[in-house]
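Only one structure is covered here, and it is reproduced in the block below.
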Amino acid sequence: MLFWLLYASLTASVIRIGNSWFDSFQRQLPILTTHALVVYVNLYVLLPKLLLVRNYFTYILSVLLLIAGATFPLAILTHRLVAQEVIQDEVWSSFFLFLIAVGLFFSLILSMTLKFLKEWYEDQQSKRELKQVQLQTELMYLKSQINPHFLFNSLNNLYALTLMKSDLAPQIVLRLSDILRYVLYESSAGKVDIQKEIQHLHDFIQLEKLRLGDRVVVQLDLEEPHDDFKIEPLLYLTLVENAFKHGAQSEVSEGWVKIKGTSTKDGYALFVENSISKIIEPKTAGGIGLSNLRKRLDLIYLGKYQLNITQDTDKYSVSLVLTLSHA
């Protein structure tokens, strides 16, 4: 209705068939009702049954017959509606009949263009929504891998301490409880405050220091974020967990881990280094954690992160710089 009213308004401005614009507008409505009949026969009958099944010749012939069949009745209607007698005398001329046919053809082309644009837009929207659902599904799958991976490693560590009947086991259980609460509840709600993520790193590092004792020298410098950024949780955890995993290898006589966090103008950067055993092959240094991390970064921060990994004979270095959004 809005389309045809707008169409009638524009037509009344260009083709004055009445004594005023409003008079022309009123006289255009019955004429455009005929146009609408032709348009909808084309859109809902000829288009799906002929053009979309690639029956081009029959479609073109049907459109021509449709226009020809509507031209003469439309000429009679126009003759009765036109206020000016000069124009009335011209209604039955071949040129005027040609103009009526051209007008019908223009309405068909305009309506088809709008229909195809609308369907194209809806198709693009559908594809974007489908892609978003696929990305969210993949992201949820990757996050679901993190929790068991982290829990598996932590329980292994706790098991080792209980075998040794270590007095640190109760403290580790308490620390582990706080960490799991963050991992299972707060991180599942989407992006979190960067301050919470940094605090979670502190808790994890303290847990590892309790577990390892003097076996590994830990240098920690996590700068407080300058702004209230939001961050996808557990991204930095992968780097820290990986560092402790390889920095505490039994083959390393003097293991060490260095962790430095720096607040940047647009986000946060984490730099992690750890000692490694010379007998560890390079392909095993990262493991499933880094592979998972790369996939998550590509899904969430594509074009907004820098991940650099360097491995020497005695150390493994990783830096992750993220451009974050504000809270």
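The values are calculated or read from the model by the stated rules, or taken from the named source; none is laboratory data. Everything numeric in this text was worked out from a predicted model, so none of it was measured. Note that we place each Cβ from the backbone using ideal geometry, even for glycine, and neighbour counts take in every protein chain shown.
Restricting attention to the stretch 1-35, the residues being surrounded by fewer than 16 Cβ atoms within 10 Å (Cβ to Cβ) and closer than 21 Å to VAL63 by Cα number 1. Scanning the stretch 220-231 finds one or more residues that are farther than 30 Å from SER166 by Cα and at pLDDT below 85.
Filtered by the rule that a residue be farther than 18 Å from PHE106 by Cβ and at pLDDT 75 or above, the stretch 8-23 gives SER20, TRP21, PHE22, ASP23. Using the structure shown, decide if LEU117 is surrounded by 11 or more Cβ atoms within 10 Å (Cβ to Cβ) and either modelled with pLDDT of 75 or more or closer than 30 Å to LEU43 by Cα (or both). No: the conditions fail for LEU117.
In the stretch 74-98, the residues that are assigned by TED's automatic domain parsing to the domain that holds ARG16 and within 15 Å of GLN28 (Cβ to Cβ) form Cβ pairs under 6 Å with partners that are polar (S, T, N, Q) and at pLDDT below 65, at six or more places apart or across chains, as follows: HIS79/GLN88; VAL82/GLN88. The set of residues in the stretch 184-208 that are surrounded by fewer than 21 Cβ atoms within 10 Å (Cβ to Cβ), farther than 20 Å from LEU322 by Cα and either among the β-branched types (Val, Ile, Thr) or at pLDDT 80 or above (or both) comprises ASP203, ILE205, GLN206.
Residues in the stretch 209-234 that are part of a helix (DSSP H, G or I) and either touching a Leu at 6+ places or on another chain (Cβ under 6 Å) or surrounded by 22 or more Cβ atoms within 10 Å (Cβ to Cβ) (or both): how many?
2
As a summary of the residue check, SER154 satisfies the conditions (1) more than 17 Å from the chain's Cα centre (by Cα); (2) at pLDDT 70 or above except for the one numbered (2).
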